[in-house]
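Take a look at the structure set out below.
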Amino acid sequence: MTSELRVPSLDLPSSNLSSELSTEYPGLFIEVDDAQVTTEGRVEQARSPSVVALPAMESEFAGQYRTTFADLPNLADPGVVAKLGELSAMAVGGRLENYTGIVLGNPAVKDALGQIDQNLPGLNDPDARARVRSLVSDAVLATSLVPSREQDFRDNSKLSFGSVRDRKTVQPLSVDKLQQVLSDIAVNVMAGRDPFDVAGSTVQGIDYRPDLPLPQKMALLGLTNLTADARGALQNDELFQTLLRNPTALTDSLFGATGHDEQRFMSTCVAAATNTEVRGKVPTVAGLLMVGNGVIERVEQQLDTTPIELLGKKDRPFGRTIREMAQKRVDDAKTVFQQIKTKAKALAEADVSTPAVREQWAELSTQWGRTMQKLAAVTTLNPADGHPLPVLTKKVLPGAWKLSVPAALPLAFDRPLRRTTVIRQIPFRDAVSQHLAPNPREESKDELWDEPEVPLTRNLQNEDELTDFWTQVQSGTGIRLTTLRHQWLLKAAEVGGKPMFVLSDPTKSYFDYLSPDDFVKWAKNTKPDTGRSVFDNLAIMVPSKPTLPSIDIDIDIDNTVEQTLMVDGAEQDVGRRHDRTSPTDSAGLRSMFNAGGSHPAPPMSRSGSNLSSVLDSDDSAVGSDSDLGRPEWVAPDSGTNPAEDPFLRDEAAGLSYKLRSVDAAEGQVVYYRDIFKQEAEERLDTVRSSVSPMANAVDAVLTSDTAQADKLKNLIVIEKTRRQMAATADTRSPVWDDLTARLDQELQMSEAMAHVALPEWYRTSDELTDKVLDELDRLDAAHIATEDAQLLLAAATELRDTRKLTVSQEVASLRDQLRPEEFAWLAAKAMITVPPEVANPATTRHEAQHQAVLMLQNKDVVSKLLNAGVRVVILPKITPLTALPEFSHLAGTNTSDGRRWDDQKAAMTGRTVAVHEDHISQLPHEIAHAIHEHGLNETHQIDVGTHFSQRLNQPDAPWPGNYAKTDKYESFAQLSATYVGANTGHVTNNSTLWAKKKWPEMLPLLKDVYGTNPRAIHNHKQPADITPFNAATGQNTPSKSSRHAPAKISLPTPPTSTSTTIAAVATMRSASTNNDDSDKQATTTTPSQPTNAISTAVRASTMSTGTRGGAHR
């Protein structure tokens, strides 16, 4: 280990270096020490820098900033050198860490900066433009150059009691958060909106002003890690306001709030790791106190809602009750937090910085962390699984967990089960995160908390994988590593220009710094797991919605094609995005193609801000990436139970992700084909009708491929450049130089085109007034939007086809290597989604899979279903079918025979099968519909229709049920259910034998699709990954093999139907919920009104592969 390595200084000019010096020596660095501090403790001025040329420093911030912003005149900050001095002054006693290349070399960051620069002039409010410009420049600076401070202290973890070094950094934005913030600002600016006023924006409500000192700006940038409500609450907090008024104290508070949190008790590693993560996000001790008070509120809610009989139990024999114990924790926490606030306010008002004062700031965070760990043990007082409440055992020797074990042994006989119980991760993280925004790669803050884990070393097999892993870790605020009894938080940093892993082990008092090789050795020895998503490079989520500008507002439409076309690495499906992509390949704008309302894709599986299709999440346990084809994988022999095979489970999970990815990509194609293009054309017509005749005349020439068009473009650029020069006050700035060079170039081009005659109606450049130029900009943006629609459609189509090919290849590979029963179980696992809102998710999934495999025994048919993207959703019984976006347009309507669609229990649309949890027995019927439409070859389809017609002409012919007489689709579905013994509500006509005797003409087809003895596939015991249902408790009883809980899924609610540009017409058939011998026959029903097209058309009407526009059954 290399825990005593010093973080190297970054070569940057200090505050007393002129811009000329920084230009001449872009590879300089300074080390800021306490000599800068006066006897009163206030920072005066950075000392003269030590000018040292370091190797390979061509990409230093000053030089690379100028390079990056040379083409961004609206964002370029001429005062950046002065800010570098302020930043250096913040690192008193420390240094600046260099991440310039990572930040400014990130394509997503560059793309977002280009979008903002291009559209920033469209903001009408000059103050808003100034605030955006300042925040963007400061955010790039704060993420590129990170002030750090180090301190030596005793290391008690070894008997030698040596010295180690603690490191604290002020990094308000991770690279991921920077991408998210910039992309979010870009979306709003291109729509003409002030991002500080947009609900849900990453900077909503932040009182950011260009004239603030840099420490205040750093604190305000940190607010982007909080929810919008928390930002407002913290900005109005008395202590936070005091800190903002005292920049010296604010700087020390920013440092003091960060760093490593040591577990103060023997079993609080989870809480300490969580605290470390929070300390890396929340600015100042005032923010930590806000988070802590949120945890107190959560515990008080537990005290109010937990049954009295549980609270009345004894915490210790003959002692206090659980209620008294939890209440004391709350009271103690309130007391400590008030003491921290009082002390912090006194330190802030003194506004001095000395080593002793910095120690006091750090001690406040230590007190906060210890209190949070005590609260963590009572964040859930009534666990559903009977998990005992932890009893905390104090760690006697700080920094030395192992050395503290002997001192804790006498307590092992006092409530031993509870004393060895660890803190529950999910309840504590949920309580802590009430005021925190989701991580940039999460749609919801708890999306990945209980995701399946994979062995870390499995994904660190070579140098490329290790490099990808370091990059992924460095871009965020840290990842969790876990074993059965311990948890770490892992970060990544550059030390001495080399990548290092920064490991926060809660048993210690400091971070461990490990080289990549040392980290791999540590991982092999420790064998930790981590979340699967760590290796999947999920897309950055952009909260703001990129709606097209309304036609009555003069705002440019997004006219940058390159940014929106970077979709090769884009992950398209909602919830979990599991295709491997480079973390820097347009990462900030990959989310432009996600289906959660991000730019500029439609909310494909949403209708309303929180409506989410359960198709977009997965509830199955996920293991490692596919091992198929690797030498070490051996196909199971004939004695293996495919329902239990972990390989099949893992492959099914991966295939399920890819199926949703194809589904989402198809939605993009529909959106750009049927919605985006039409809206862009309507926008162009509207702009044309609102501008002056001169603007329309010029535009008509500009859109022609003529020499006149080139000359007019040249004249327009000249006029715009002259106006920009007139508005530029500083004639010595790089911006002025760029404008001058541009004007000279355009004037030379004008001379070269002097022979080109202009149109007769064009007399002089004076006609190109500001109004006309603005109108031409609007027309140009509208033209580009229509072109973008075609380009985006082509890109989305290519992506969809690529993903479909990937799925097809994987399906083919699995088909060739698996036996039919194995392939059936894999397909059932991949196709079925069961949300946790279902009463008994694991038991329901078990039953659904057992019903589904009856229908999935022909590998050719199954391959076709998987390639078509057929999905099965099991709904809670209280949730109407029409709550799914795929069925939402039928809400409030009736079937052709008068039944309410809201009351139907099973149906199919296009590629989606939906069945209520209490009607799982109807699943074979619905899957048969999917097989009819997507799995049968042409010959079989003709046979089905022919045999149905012949039966109708035989008055006494036997039917599997009256419902089968409806049409050939219902006939095939009910006969199929009969053949496999799943014809609900029937006794005699519910077997393979009955189908053989009564429908001999269909027997060859049925045997081909479902096998000779379809129910033989059930000759296996219950799969091991199923959690048994305990009838006594009404809960799933965790089995020893069930390590991971199902992923949480947001259950949809019925949308409000609105008129749109598309009328989604979807015909549906419903499987009868009554005895099929009844006289009721479901027929086709067609909605009479246009419906919410974005979710309905994408998922139901347009995406159907059949000829009936998404017929539902």
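Among R911, R951, sorting on how many other beta-carbon atoms sit within 10 Å of each Cβ, with the fewest leading, yields R951, R911.
Between E309 and S704, the contour length at 0.36 nm per residue exceeds the alpha carbon distance by 134.0 nm. For segment 74-120, the residue among S88, L113, P78 whose Cα projects farthest onto the positive side of the dipole built from Cβ charges is S88.
Listed by Cβ neighbour count within 10 Å, with the fewest neighbours leading, T764, T467 appear as T764, T467. The count of lysine pairs in segment 626-791 with alpha-carbon distances below 22 Å, taking only pairs 8 or more places apart or on different chains, stands at 4.
For K374, the lysines whose Cα comes closer than 16 Å to its Cα, not counting residues fewer than 8 places off in the same chain, are K328, K334, K394, K395.
Between Q339 and K877, what is the FRET efficiency for a Förster distance of 60 Å, r being their Cβ-Cβ separation, to the nearest 0.05? Provide the component values of the computation, followed by the final result.
Details: r = 51 Å, r/R0 = 0.86.
About 0.70, to the nearest 0.05.
Counting alpha carbon pairs within less than 8 Å and at least 6 residues apart, what relative contact order, in whole percent, applies to segment 626-791? Mind dumping the intermediate values first?
Details: 85 pairs, mean separation 54.8, N = 166.
Over segment 626-791, the number comes to 33 percent.
Near the amide H of F265, within less than 5 Å, lie the amide hydrogens of K395, all on another chain or at least 5 residues away, with H placed in the peptide plane. Computed over every Cα-Cα pair of segment 228-403 and binned at 10 Å starting from 0, the pair-distance distribution P(r) comes out as 10, 34, 33, 18, 6, 0 percent.
Rounding to the nearest 20 debye, state how big the charge dipole of segment 926-1008 is about its Cα centre with +1 on each Lys and Arg Cβ and -1 on each Asp and Glu Cβ.
Values: 7 positive and 9 negative charges, 72 e Å.
That gives segment 926-1008 a dipole magnitude of about 340 debye.
Considering only A789, A652, V698, and ranking their Cα positions along the charge dipole of segment 626-791 that arises from unit charges at the beta-carbon of Lys, Arg, Asp and Glu, the one farthest toward the positive end is V698.
Put +1 on the Cβ of each Lys and Arg and -1 on the Cβ of each Asp and Glu in segment 228-403; which of A377, V285, A257 then has its Cα farthest toward the positive end of the dipole? The residue sitting farthest along the positive end of the dipole is A377.
Compute the convex hull volume of the Cα atoms of segment 626-791, divide it by the residue count, and report the result per residue in Å³ as a whole number. Can you show the working numbers first?
Working: hull volume 40.9 nm³, N = 166.
Roughly 247 Å³ of hull volume per residue.
Just list whichever of K877/K965; K491/K521; K110/K177 have alpha carbons separated by over 20 Å in the model shown. As for pairs spanning more than 20 Å Cα to Cα, those are K877/K965. The fewest-to-most ranking of M266, M694, M855 by surrounding Cβ atoms within 10 Å reads M694, M266, M855.
None of the figures in this text is laboratory data; all of them are computed from the coordinates on show. These figures come from a predicted structure and were not determined experimentally. In this analysis, Cβ positions are derived from the backbone assuming ideal geometry, glycine residues included, and neighbour counts consider all displayed protein chains.
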